[in-house]
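The values are calculated or read from the model by the stated rules, or taken from the named source; none is laboratory data. Here the structure is a predicted model, which means the values were calculated and not measured. Please note: Cβ atoms are built from the backbone with ideal geometry, for glycine as well, and neighbour counts cover all protein chains shown.
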Amino acid sequence: MAVDFSQIDFSILMDHVEFVLTFTWILLSYIVRRYTKRAIRLHQKLEHDKKRQRINTVDNIFNLLLVVGLVLIWSSELQNIAISIAAFMVALVIATKEFIACIVGAFYRASTRPYQVGDWIRIANYEGEVTDSDWLSTTLFEVDLKGELHLHRAYDRGS
């Protein structure tokens with residue numbers, strides 16, 4: 001019974017070439033490693049300790065070659081993953097920048113105690129009496145030029 005290879009669709013292999021190359025690389029690496037270690041074990045002139053050292057060296061070299069080969073096979077996918085992770089980290093830093101500045105400002109205020117509730121202070125362009133202060137914001141009662149009271153919440157930005 002003859003097999004007609006022209007009827008077989010190899011397009012699925014081309015769609016998943018990384019998997020095929022990975023399987024082939026691992027299988028080839030295993031076979032070459034096994035026969036290399038077998039040749040070392042069967043070598044009559046080597047001492048037992050020298051055989052163990054060479055087998056260990058062969059294992060380490062094949063492990064390195066296996067990892068390098070897999071990185072080369074999957075480099076395009078690894079690059080996409082690395083770019084995605086870098087973009088996520090940049091977005092995370094940008095999103096938490098104000099939050100981190102508030103925490104730094106809170107630690108600064110907690111350690112130096114520059115003002116307390118009841119003090120009159122100026123934050124940026126706002127001047128008033130401190131009515132509340134927590135780690136995220138400071139609330140001021142502000143008196144404008146007409147003598148009216150306004151509640152203003154100033155968000156700390158690291159200072």
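Results for (1) aromatic (Phe, Trp, Tyr); (2) surrounded by 14 or more Cβ atoms within 10 Å (Cβ to Cβ); (3) at pLDDT below 95, shown as yes or no for each residue.
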| position | (1), (2), (3) |
| --- | --- |
| His16 | no, no, yes |
| Leu21 | no, yes, yes |
| Leu28 | no, no, no |
| Ala39 | no, no, yes |
| Glu47 | no, no, yes |
| Arg54 | no, yes, yes |
| Thr57 | no, no, yes |
| Val68 | no, no, no |
| Ala82 | no, no, yes |
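Taking only segment 40-85 into account, find how many residues are farther than 20 Å from His16 by Cβ, of a type in the set (Gly, Ala, Ser) and touching a helix residue (DSSP H, G or I) at 6+ places or on another chain (Cβ under 8 Å).
0
Exactly one of (1) farther than 30 Å from Asp134 by Cα; (2) assigned by TED's automatic domain parsing to the domain that holds Ser137 is unmet by Val20. Its number?
(2)
For every residue, the table says whether it meets (1) surrounded by 12 or more Cβ atoms within 10 Å (Cβ to Cβ); (2) in the same structural domain as Leu21 (by TED's automatic domain parsing); (3) under 40 Å from the mean Cα position of the chain (by Cα).
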| site | (1), (2), (3) |
| --- | --- |
| Thr36 | yes, yes, yes |
| Lys50 | yes, yes, no |
| Glu98 | yes, no, yes |
| Cys102 | yes, no, yes |
| Ala110 | no, no, yes |
| Arg113 | no, no, yes |
| Arg122 | no, no, no |
| Glu129 | yes, no, no |
| Leu140 | yes, no, no |
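Can you pull out every residue in segment 133-154 that is in contact with a Leu (Cβ under 9 Å, 6 or more places away or on another chain), modelled with pLDDT of 75 or more and closer than 17 Å to Arg109 by Cβ?
Thr139, Leu140
Taking segment 34-81 on its own, how many of its residues are of a type outside the set (Phe, Trp, Tyr) and touching a residue at least 40 places away in the same chain (Cβ under 8 Å)?
Looking only at that region, the number is 5.
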